Amino acid sequence: MLFLLSPAKSLDYDTPPHVATHSKALFASQSAELIEVLRQKTPQQISTLMKLSDTLAGLNVGRYQAWSPRFTAKNSKQAALAFDGDVYGGLDAKTLSAEQLDWAQDHLCILSGLYGVLRPLDRMQAYRLEMGTALKTDRGSNLYQFWGTQISDYLNKRAAADTSPVIVNLASEEYFRAVDLKALKVRVVSCVFEELRAGKYKIISFSAKRARGLMARYAIENKAGTVKKLQGFDAEGYAFDAKASSPDRLVFRRKQPA
């Protein structure tokens, strides 16, 4: 199985990686193409395009200017260790062993506006470019058009090596939209995380993001190879709800945050 995650806006380039193993981003040439477009924009244009404060816009303009086609230990870090948000608090990749990260490398894909798809150990330079950004390029008026079927084609290729190909979607709607479902030839199973609030089960954004990371970690720790095995996920009070679920939509619920 392949597990899909969204990236995070927050980044951690201060904590040194605890493993030296790394790999090269697969779509680096496409990233360079996007960087060239971004470099033509002023801080004010970036602020407007991405709805950022002047400070954040300036920070990211600096990142675009500093971005290099050569990824080194000084200018980059493994993606799973560099992202630092709600999802990655759940994944907690910095406490995964080298062996576990190697398993994740073969089974986890991080969708990215700039990098297309990142494997956990792919070196990544700091950036901010959300998939929903309406960045005009020669390929279209937004990033969905820029990536086209490239992400789906890659996922098809990865999944073809599996005897029972399944993609487990743990990504947000914004990022999963980058997967062209018409081009995708693989079964997709989504995981939904809900909490009981005011008598009803609801998706709470912060909690759901963390739960996606927790599920990815559960899969890594247990080397989950089947959808059935995912039903055993019980981190932080969640439990599989068979009645609320369907074959391609696994629902996990908890009555209150752990």
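The values are calculated or read from the model by the stated rules, or taken from the named source; none is laboratory data. If you're wondering where the values come from, they're calculated on a predicted model, not measured in any experiment. In this analysis, Cβ positions are derived from the backbone assuming ideal geometry, glycine residues included, and neighbour counts consider all displayed protein chains.
Residue count for the range 223-232 satisfying the condition of being in a helix (DSSP H, G or I) and surrounded by 13 or more Cβ atoms within 10 Å (Cβ to Cβ): 3. Of all residues in the range 12-27, at least one satisfies being touching a residue at least 60 places away in the same chain (Cβ under 8 Å), out of contact with any Gly (no Cβ under 9 Å at 6 or more places or on another chain) and small (G, A, S). Confirm whether K223 is in contact with a helix residue (DSSP H, G or I) (Cβ under 9 Å, 6 or more places away or on another chain) and at positive phi. Here the answer is yes, as K223 does meet what is asked. Residue check: D14 meets all listed conditions (1) touching a helix residue (DSSP H, G or I) at 6+ places or on another chain (Cβ under 7 Å); (2) closer than 19 Å to Y88 by Cα but one, namely (1). Of F206, F176, F193, F240, all but one fail to be in contact with a helix residue (DSSP H, G or I) (Cβ under 9 Å, 6 or more places away or on another chain), surrounded by 14 or more Cβ atoms within 10 Å (Cβ to Cβ), within 21 Å of Y88 (Cβ to Cβ) and of a type in the set (F, W, Y); the exception is F193. For the range 68-86, filtering for residues that are among the small types (G, A, S) and outside any helix (DSSP H, G or I) leaves 4.
Go through the residues of the range 151-172 one by one and say whether even a single one is closer than 28 Å to I46 by Cβ, of a type in the set (A, V, I, L, M) and out of contact with any Ser or Thr (no Cβ under 9 Å at 6 or more places or on another chain). Yes, there is a match, as at least one residue in the range 151-172 is closer than 28 Å to I46 by Cβ, of a type in the set (A, V, I, L, M) and out of contact with any Ser or Thr (no Cβ under 9 Å at 6 or more places or on another chain). Among what's in the range 233-258 and is farther than 19 Å from V188 by Cα, among the small types (G, A, S) and not in a strand (DSSP E or B), pick the residue that is nearest to the chain's Cα centre (by Cα). Here the answer is A235.
Results for (1) of a type in the set (S, T, N, Q); (2) touching a Phe, Trp or Tyr at 6+ places or on another chain (Cβ under 8 Å); (3) on the phi < 0 side of the Ramachandran plot, shown as yes or no for each residue.
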{"site": "G90", "(1), (2), (3)": "no, no, yes"}
{"site": "L96", "(1), (2), (3)": "no, no, yes"}
{"site": "L114", "(1), (2), (3)": "no, yes, yes"}
{"site": "A126", "(1), (2), (3)": "no, yes, yes"}
{"site": "L129", "(1), (2), (3)": "no, no, yes"}
{"site": "D138", "(1), (2), (3)": "no, no, yes"}
{"site": "N142", "(1), (2), (3)": "yes, no, yes"}
{"site": "A171", "(1), (2), (3)": "no, no, yes"}
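Within the range 114-171, if we keep just the residues that are assigned to a helix (DSSP H, G or I) and among the aliphatic types (A, V, I, L, M), the residue that is surrounded by the fewest Cβ atoms within 10 Å (Cβ to Cβ) turns out to be A159.
Give the range 87-113 a look and list any residue that's closer than 21 Å to L26 by Cα and part of a loop (DSSP other than H, G, I, E, B), or say none. Within the range 87-113, G113 is the sole residue that qualifies. Each residue in the range 246-258 was checked for being at pLDDT 95 or above and over 14 Å from K202 (Cα atoms), and 5 pass.
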